[in-house]
Amino acid sequence: MGGFEDDEPPSKRARASSVEPASLLDSFSCLKSAAPLGSTMARPLPSQGKEVMVGSKGVIKRDEFVRIITKALYSLGYEKSGAVLEEESGITLHSPTVNLFRRQVLDGNWDSAVVTLKKVGLLDENIVKSATFLILEQKFLELLRNDNVMGAIRTLQSEITPLGVNKKRVHELSGCIISSPQHVLLGFSKLGIESSNSRLKLLEELQKVLPPTVMVPERRLENLVEQALTVQREACYFHNSIDGLSLYTDHHCGKDQLPSCTLQVLRAHRDEVWFLQFSNSGKYLASASNDKSAIIWKVDGDGELLLKHTLTGHEKPVMMVAWSPDDCQLLTCGMEEVVRRWDVESGECLHVYEKSGVGLISCGWFPDGKHILSGLTDHNFCLWDLDGKEVDCWKGQRSPKTSDFAVSKDGKLIISMNRESTIRLFDRETKQERLIEEDNTITSFSLSEDGDFLLVNLISEAIHLWNIRNCPIRVNRYAGHKRSRFVIRSCFGGSEQAFIASGSEDSQIYIWHRATGDLIETLPGHTGTVNCVSWNPANPHMLASASDDHTIRIWGLKKANLKRKDVGSSNGIYANGNTPSNGVVHQCNGNSSK
């Protein structure tokens with residue numbers, strides 16, 4: 001293992017809709033065929049039918065409860081069942097006036113719909129005007145679509161404009177008059193109304209404007225259930241399940257849902273393993289080692305990792321790897337050397353990136369998958385296209401000890417070291433920068449999946465979580481792991497990245513609850529410093545760790561009678577008796593291209 005001394009490897013040193021039937025008459029016409037259902041269905045006793053509230057706590061209004069169930073039945077396409085429920089309960093989904101209004105909207109009887117709207121009994125005149133505006137807007141657009149320009153002009157001038165509602169939208173509608181028919185159809189889209197089923201969409205828009213007592217909102221029951229499930233999930237301290245939440249039981253995850261058991265030990269590297277990272281899809285794992293090689297591992301259908309390719313050709317230890325956005329290519333960075341680009345499927349080297357007179361110390365992809373970025377030993381950053389043409393180069397970190405950087409998913413924000421205790425957030429479009437300033441030297445950092453949070457490892461044996469959505473704010477702190485000499489990397493992970501994991505110099509992995517900062521698990525097993533951890537983004541039950549003991553451990557759930565698998569190479573045969581997937585070691589000859 002390397003130390004803080006100048007002769008140690010820099011990578012080891014701390015571097016500074018659907019809508020229900022509009023008319024109940026249509027629905028009741030189906031009741032004859034549904035008579036057996038009605039005759040055998042349990043009917044409420046007279047005393048029960050008079051109850052105003054339902055539920056064990058007496059907080060649910062019976063008529064509202066029945067109406068949203070009826071709405072859900074219609075939305076799901078169970079029209080007969082919805083009609084039966086209305087008849088049997090005596091609680092109609094909509095009043096006759098509202099049913100007439102809905103039918104007029106769906107039939108395109110715009111003037112009649114406006115008249116009926118005023119008979120619904122709305123007390124707020126602003127609501128009436130807003131709903132009327134939506135109806136007349138639809139009338140206007142359909143007139144234009146049917147080439148009735150004069151009718152559209154009359155509607156706009158004599159009906160829409162006098163409402164005095166949404167002047168900006170009125171201006172947009174005026175622009176549609178002088179546009180081509182193609183732009184008229186575009187007008188439907190811009191106004192949130194698709195031309196193909198615009199009247200159904202209009203009803204949904206009207207439901208958002210009108211009081212829910214008049215028209216029950218679309219998918220109201222689904223929204224209530226989703227809210228209840230969300231509350232249960234957020235209240236679940238150890239939530240890390242793969243399966244969706246069930247409606248049959250209250251949700252609860254135990255600590256056993258965390259990956260805390262060693263499922264495999266991968267022994268293919270011949271020296272310290274410094275870095276590893278799962279691919280974006282979670283189907284591969286790549287590792288980098290002091291033995292000057294990188295390895296691509298494939299995650300099979302059973303969750304077992306198999307060696308796919310050993311990538312050799314670097315003349316110095318491999319410091320890090322980076323997956324392309326589509327996981328089809330991999331970058332490897334030698335220590336103050338070059339960056340190599342590999343084809344994941346074949347294992348062949350596609351290109352070598354280098355810059356005369358300086359070494360490369362980090363690598364990463366731009367979100368478009370067409371450019372790569374690298375940090376240089378002269379503290380600059382370089383951007384290349386895939387063919388090796390230098391696209392841009394700018395002054396980067398002023399600290400020689402940390403080479404980490406990150407790029408936001410839209411490619412606009414570049415995050416890099418500024419000084420030993422400062423991180424720079426640089427907006428490439430506005431050329432503006434924001435700073436994260438720590439009191440201690442920063443050793444590494446990583447960006448969350450949503451790009452809103454940064455996890456910062458410090459020389460002081462602390463990990464800080466920063467919200468970088470706007471002005472950077474420190475929101476949490478994690479402690480307990482050991483770090484005195486080496487670069488230790490941490491990561492987000494688990495379901496919705498609700499946990500933080502980190503390596504440690506005491507040979508253990510530490511897992512914290514992201515929201516509370518509580519240390520909830522410590523995983524022993526390695527016999528050397530754990531340099532890096534990576535949580536599978538597609539499987540919250542899989543965690544990988546890289547160590548100075550030359551091994552990679554794959555962690556999963558504890559299962560009964562589960563035997564640990566040790567995977568390593570010895571004359572082409574793995575320790576568990578399996579043969580390699582291809583047995584080929586892929587080399588790169590060091591030329592600037594394959």
>> Based on alpha-carbon centroids, what's the gap between the stretch 300-368 and the stretch 75-124 in Å, whole number please?
In response: 62 Å
> How large is ³J(HN,Hα) for each residue in the stretch 459-473, as worked out from phi by the Karplus curve 6.51 cos²θ - 1.76 cosθ + 1.60 (θ = phi - 60°), to whole Hz, x for Gly and Pro?
Replying inline: 5, 7, 6, 9, 10, 10, 9, 10, 8, 10, 4, 10, 6, x, 9
> Per 10 Å bin from zero, what fraction in whole % of the C-alpha pairs of the stretch 457-554 is there, up to the bin with the longest pair?
Replying inline: 17, 49, 29, 5, 0
> When ranked by the protection proxy of mean other Cβ atoms within 10 Å per residue, highest first, what sequence do the peptides 256-265, 297-306 form?
Replying inline: 256-265, 297-306
>> What's the whole-number percent of alpha carbon pairs in the stretch 94-215 lying beyond 27 angstrom?
In response: 13 percent
>> As an exercise, use a Förster radius of 25 Å and the Cβ-Cβ distance of residue 52 and residue 228 to find the FRET efficiency, rounded to the nearest 0.05.
In response: 0.65
> Among 494, 466, 436, whose Cα sits farthest toward the positive end of the charge dipole of the stretch 403-562 (+1 at Cβ of Lys/Arg, -1 at Cβ of Asp/Glu, about the Cα centre)?
Replying inline: 494
> What does the convex hull of the Cα atoms come to per residue for the stretch 243-394, in Å³?
Replying inline: 156 Å³
> Around residue 128, with a cut-off of 12 angstrom between Cβ atoms, what is the net charge of the other residues, counting Lys and Arg +1 and Asp and Glu -1?
Replying inline: +1
> Roughly how many nanometres apart are two label points built 7 Å out from the Cα toward the Cβ at residue 461 and residue 302?
Replying inline: 4.2 nm
> Under 5 Å between amide H atoms, partner at least 5 residues away or on a different chain: which partners does residue 320 have, H built in plane at 1.01 Å?
Replying inline: 333
> Using the Karplus equation 6.51 cos²θ - 1.76 cosθ + 1.60 (θ = phi - 60°), what ³J(HN,Hα) coupling, rounded to whole Hz, does each residue of the stretch 410-423 give in order, writing x for Gly and Pro?
Replying inline: 8, x, 7, 9, 10, 10, 8, 6, 10, 9, 4, 10, 9, 10
> What's the percent breakdown of Cα-Cα distances in the stretch 75-164 across 10 Å bins, shortest bin first?
Replying inline: 15, 38, 27, 15, 5
>> With unit charges on the beta carbons (Lys and Arg positive, Asp and Glu negative) and the dipole taken about the Cα centre of the stretch 94-215, which residue among 99, 116, 211 sits farthest to the positive side?
In response: 211
> What nm distance separates the two modelled labels at residue 281 and residue 474, each placed 7 Å from Cα along Cα→Cβ?
Replying inline: 4.1 nm
>> Can you compute the charge dipole magnitude of the stretch 469-556 about its Cα centre, using +1 on each Lys and Arg Cβ and -1 on each Asp and Glu Cβ, nothing else charged? Give it in debye, rounded to the nearest 20.
In response: 360 debye
>> If I stretch the segment between residue 168 and residue 392 completely, what's the gain in nm (0.36 nm per residue apart, minus their alpha carbon distance), one decimal?
In response: 76.4 nm
>> With a 1.4 Å probe and all protein chains left in place, how much accessible area per residue does the stretch 453-551 have, in Å²?
In response: 31 Å²
> Counting only residues 5 or more places away or on other chains, whose amide H sits under 5 Å from the amide H of residue 547 once H atoms are built in the peptide plane?
Replying inline: 273, 531
> Hey, any idea what the orientation-averaged projected area of the convex hull of the stretch 255-556's Cα atoms comes to, in nm²?
Replying inline: 13.9 nm²
>> Quick one: 3J(HN,Hα) in Hz for the stretch 105-120, Karplus 6.51/-1.76/1.60 with θ = phi - 60°, rounded, Gly and Pro as x.
In response: 5, 5, 7, x, 7, 5, 5, 5, 4, 5, 5, 5, 4, 6, 9, 5
>> Please give the charge dipole size of the stretch 257-298, origin at the Cα centre, charges +1 on K and R Cβ atoms and -1 on D and E Cβ atoms. Round to the nearest 20 debye.
In response: 180 debye
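The values are calculated or read from the model by the stated rules, or taken from the named source; none is laboratory data. The structure displayed is predicted, hence computed values, not measured ones. Note: ideal-geometry Cβ built from the backbone for every residue, glycine included; neighbour counts use all protein chains shown. Side chains included, ligands, DNA and RNA excluded: accessible areas come from the protein's heavy atoms. Shrake-Rupley method; radii C 1.70, N 1.55, O 1.52, S 1.80 Å.
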